[in-house]
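What follows is a set of notes on a single structure, which appears directly below.
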Amino acid sequence: MSKVYENATSALEGILSNNMTIMAGGFGLCGIPENLIIALRDSGTTGITAISNNAGVDDFGLGLLLQTKQIKKMISSYVGENKEFERQYLAEELELEFNPQGTLAERIRAGGAGIPGFYTKTGVGTLVAEGKEHKDFDGETYIMETGLKADVSLVKAWKGDKEGNLIFRKTARNFNPMMATAGKITVAEVEELVETGELDPDQIHTPGIFVQRIIVSKDLEKRIEQRTTQPREGA
């Protein structure tokens, strides 16, 4: 059965339900599965627990799902670019589980590797550690963090083949590879789709066994969150 779907809407058909947990790759606006996020918004799915480094911006990325109030909880590291996120959280309309960025990445990696939990020094003595198990190793205190898994992982790759093998490019190789392993179902959005066998096996970051569905990105938009410029001399 082919893993390749015609578009984002068909790729999500039959795998969405209310109150599900979804991982979405990306760092800021780099490497986000933008077409899949739009299709998720248009599906009307509600009560989502979203696991993502951040929530995009107000009118792009996961910010689109915050606008429609389809997300009930965010498990994130950084949320500073989204005013609607801030408003909903301060108004107690949105649950938030903050994670140090490295801890979030490792929790996702652990979930994909079948590791239920691990100890880390990061967060000891802060709000992050409240309610978590503490344990001493060699005279140092650590807290236990649990692995994260999702009902559906949405990832974005530069190139893929028809078996779902994926290659990520530069900064977009951030949370995407770990999330691809941590979803019960993983849907990949790729910029370029090639025939099976065309990718150099030594360059593949995510083996196709982790990917169930794949689409080719349409109408890509390369946004920059904050553009800083400096006047040219003599201009």
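Couple of notes before you dig in:
Residue-wise test of (1) at pLDDT 95 or above; (2) in contact with a strand residue (DSSP E or B) (Cβ under 7 Å, 6 or more places away or on another chain); (3) part of a loop (DSSP other than H, G, I, E, B); (4) crowded, with 19+ Cβ neighbours inside 10 Å.
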position	(1), (2), (3), (4)
10	yes, no, no, no
14	yes, no, yes, no
18	yes, no, yes, no
36	yes, yes, no, yes
39	yes, no, no, yes
45	yes, no, yes, yes
55	no, yes, yes, yes
65	yes, yes, no, yes
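- Any hit, the stretch 191-202, residues being in contact with a Cys (Cβ under 9 Å, 6 or more places away or on another chain) and open to solvent by 70 Å² or more (accessible area, probe 1.4 Å): no
- Residues (closer than 17 Å to residue 30 by Cβ and surrounded by 19 or more Cβ atoms within 10 Å (Cβ to Cβ)) located in the stretch 146-158: 154, 155, 156, 157
- Pair list, Cβ under 9 Å, 6 or more apart: the stretch 1-29 residue basic (Lys, Arg), other residue open to solvent by less than 30 Å² (accessible area, probe 1.4 Å) and part of a loop (DSSP other than H, G, I, E, B): 3/164; 3/211
- Options 123, 114: the member that is exposed (fewer than 12 other Cβ atoms within 10 Å of the Cβ) and not polar (S, T, N, Q): 114
- Wholly enclosed strands (runs of 3 or more DSSP E) of the stretch 133-235 bearing at least 1 residues closer than 24 Å to residue 2 by Cα: 150-161, 183-194, 213-216
The values are calculated or read from the model by the stated rules, or taken from the named source; none is laboratory data. Since the structure is predicted, the reported quantities are computational estimates derived from the model, not experimental observations. Methodologically, a virtual Cβ is constructed for each residue, glycine included, from the backbone with ideal geometry; neighbour enumeration extends over all protein chains shown. The protein model used for the area step is the full one, side chains on, heavy atoms only, and it has no ligands, DNA or RNA in it. Shrake-Rupley method; radii C 1.70, N 1.55, O 1.52, S 1.80 Å.
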